[in-house]
Structure formats: C-alpha cells, structure tokens
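Q: I am attaching a structure below and will ask some questions about it afterwards.
Each reported figure results from applying straightforward, stated rules to the coordinates on display, with no laboratory input. Note that this is a predicted model, so its numbers are computed, not measured.
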Amino acid sequence: MFRSNFLTAKKNSSFAATRLTREGVQFVFMLLFVVFAAILQSINMLVLMSGALLAILFIQWRLMSRTLSDIQMQRVLPSTIQARRPFVVQLSLRNPRRRLGSWLMLIHDQVVPKETPLGKGVPGQSITLFLDRLLPKQVQSLGYECMVPIRGRYQFSAPEISTRFPFSLMRRVRSLPISQSILAHPTQGVLDPNWRKFLKLPRLGRIHRQSSSAGGDGEFYGLRDYRHGDPVRHVHWRTSAKRDKLVIRQFEREESQAIAILLDPWRSTKQLQNGNASLEIAVELVASIIVRVTKTERSVATLAVAEEQQPFIARIQTLNQTGAALDRLSTVTLPKVDGLMEAMRQTLRYTGGREPIVVVSARSRSEFSSTRTAANHSTQTSSDSDAWTREQSIENRVIWIDVSSDRLDHFFVRG
C-alpha cells in the first residue's frame, strides 16, 4: 500500500541555521548592558553575572546544535494518490545517539506543484507538526492528511526540523535532504453498472474468459471427468473418492468486451469559456473507464491520447499497465495543434477495427466536424477527395462522448 524513500539525513548533507528569537534579542541587550557596566564600574559581581549570561547563551547554542545534528527522518507516501482525495503522509524520526535526547521539536513539511494542467496557479500546502521528545535510540512516527486539488506532478520539499530548547533564546533550523516527487492521478468517479448499454457499444471485441472470483473460477455449474492438463485445484475430492476416479469441477465462462478509449484534450470553445473544467471531466471519465474495464471487469482496454505530434497509444491489461496509464493521464495538457483525426486513424489501425472506439472529448462531434470541414475547404485540392472520404468514414465509426453534455450524468458521477 505504501512506498517510501528511505533517505537518511546526514550531518554533512543538510542545511542548518541558528538565529536569535525575540526573547534572545532582549537577553543580548541585557547582557551588553551588564558587560558595559562591569567594564566601566569594575564591579566583580557584574563581571561574574556577565560570564553567567554568556554561559547561558553558549549552553543554548550547544544543546540545539547537538540535539538536531544527528536526527534521521523518513517520509512514507501512499503508492497511489488521486487528486481531491485525502492521503496520509507518515514521517518517521530516529535519534541514533546513545545518551542525548531531543526535545520540543517542530517539523515543517511542504508540498508544492511541479507540473500540473494549471501550471503555477495551484497553491502549495504546508503543515507544522510538534514532537515533544525523542529519546536516545528512539523512533517516533508522525502522520498527517494531505490533499492535492488537481492531477499532476507535485514535489515534497525538504522538511525542516527546529527547536528552541532549552531557554528559547535561539532557534535552530535544520533542513533534511529528502525531497520526493509524487504523481497525483485523476480522480476516479462512479460508473453506472450498465454504462456499456447506455453508450450502445457494438458487439466488437468480445472476450470469453474464466472468472477469477474468490470462490473459484466463476460460477460453479457441474462436474465432469478429469482430463489431462486440468488444474489439480479443481478436483472434487469427495466425488472422486465415491466414483474411484478423478472428477473436475466446471465453472461458467464469463464474457467481457475489449474497448478503445481515445481522449481528445483539444481546447474547444467551451473550454475557453470554462477554463480547464471540461478537460478535467474528460480525463477523469477516461481514468474511470480504464480502471473499470481492467480491474473490475478484468477485460482489455486500449488507451489513446490525441497529442500534437504523435498520439499516445497503449494496450492495458495488467495492474502495472493500468498504473502506467493513470500516470500518463496525470500529465495530459492542452495541445497547441488538433491531432484528433490522426489519433483516430492510428487507433483504428492499432486495434484493427476489432474493438469499439470511444472518443471522450470536451467538444461535440458537430463542432469537430465543422472545424475539420472548414480546414479542409481552405486547403483541399482535387487529389484530396479520397482522403477526405476515408476520414469521414473513420469519424462515423467512433462513439462520441461530449463531457459538457447533460447526458453524462446518466451513467457517470464525478468523484
């Protein structure tokens, strides 16, 4: 469930700084007054007092430097993170010293956006935790909840630990070099169980398979004699003992449908009015369908993203491939060139026409067709008529989902 970056903060690789607090400034002024008075008046008692005050400053600085110098920290993050979903961050601090403990420490942690669809418009988040004591050879764990507002790449900056123990005259801050980068996946919504029927998917890409449910390999419906190559775990031992021969349990074979999902991130007129809201809905819908098809329905999906130069196309079947697809969806941005037609052409070639192709877009089919028609009329020659006809046939074969349409609420609810 968790992944961790076990980097130890060493003394020579961290940054530390010491500065006077407000109380420390007042203390120094009082110390200077006593020192000048001792020098001018030659009073031995003031000389001894100034020495004691200097000793207090030295003890403050020495204790702070020693208590923070050897502290080690680990940050543990979840293996998967979704935007707008809270996740837990674990900080583990260790004191390797045998005698000296650390007291009254503040741990400051911060996450900042690195690469998101909104660029630098996403605010960073920070938190300060308090640890009263860390005894010698002791390990303490602190946890807090964090949430990022939008998908993309984020950076956990180097955490800082600070203390003012024991006299609060100075504050020692130490920065630990354990920066980590995380990738926030699109938020997965809820798909209606009959979402395929709502989209009226053609009967393409049907896959017959055996279920791998917890109770067996599908629904049990009968027994038959053992055949060479049958798995031993399916042997029904009680019936085999009665019949004096091996008997195999049979299970129903379930049917699933492979599907190709094509994400169109082009900036439409509606996106210009609503910012990136439509694109985020489209990305979340694609992520939800991918997870539903590959994890819940245990089928096969093809993910395609219409990009400027070359469309991204990948086959998704295993859990690792699903995670890689969500990673890719986390960094989708608005392209500068409309590459949807080329993406549809290459997706059809990739699937061989054996799977239904669903285009998820923030614009309607008519808006895309009118834009393509206008561009074609401005550049078309007599030799381009055949290519135009082929493109028109490809466009007619896909199933179009306009995320700005009210029909989306009938089968999909955002997370």
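Q: Residue by residue through region 173-178, what is 3J(HN,Hα) from phi via Karplus (6.51 cos²θ - 1.76 cosθ + 1.60, θ = phi - 60°)? Round to whole Hz and write x for glycine and proline.
A: 10, 10, 9, 9, x, 10
Q: I've got another one for you. Check residue 129: other-chain or 5+ apart residues with amide H under 5 Å from its amide H, H built from backbone geometry?
A: Close amide H contacts, sequence-distant or interchain: 107, 108, 109.
Q: Let me ask something else about it. Which residues' amide hydrogens lie under 5 Å from the amide hydrogen of residue 83, considering only partners 5 or more residues apart or on another chain, with H built in the peptide plane?
A: The answer is 185, 187.
Q: Using amide H atoms built in the peptide plane, which far-off residues or other-chain residues are under 5 Å from residue 248 H to H?
A: Correct list: 224, 225, 226, 236.
Q: Once phi is turned into θ = phi - 60°, what whole-Hz ³J(HN,Hα) does the Karplus curve with 6.51, -1.76 and 1.60 give for every residue of region 360-370, x standing for Gly and Pro?
A: My calculation for region 360-370 gives 9, 9, 8, 10, 7, 5, 5, 5, 5, 5, 5 Hz in order.
Q: Given 0.36 nm per residue, what is the gain on full extension from residue 28 to residue 137 after removing their alpha carbon distance, in nm?
A: 35.7 nm
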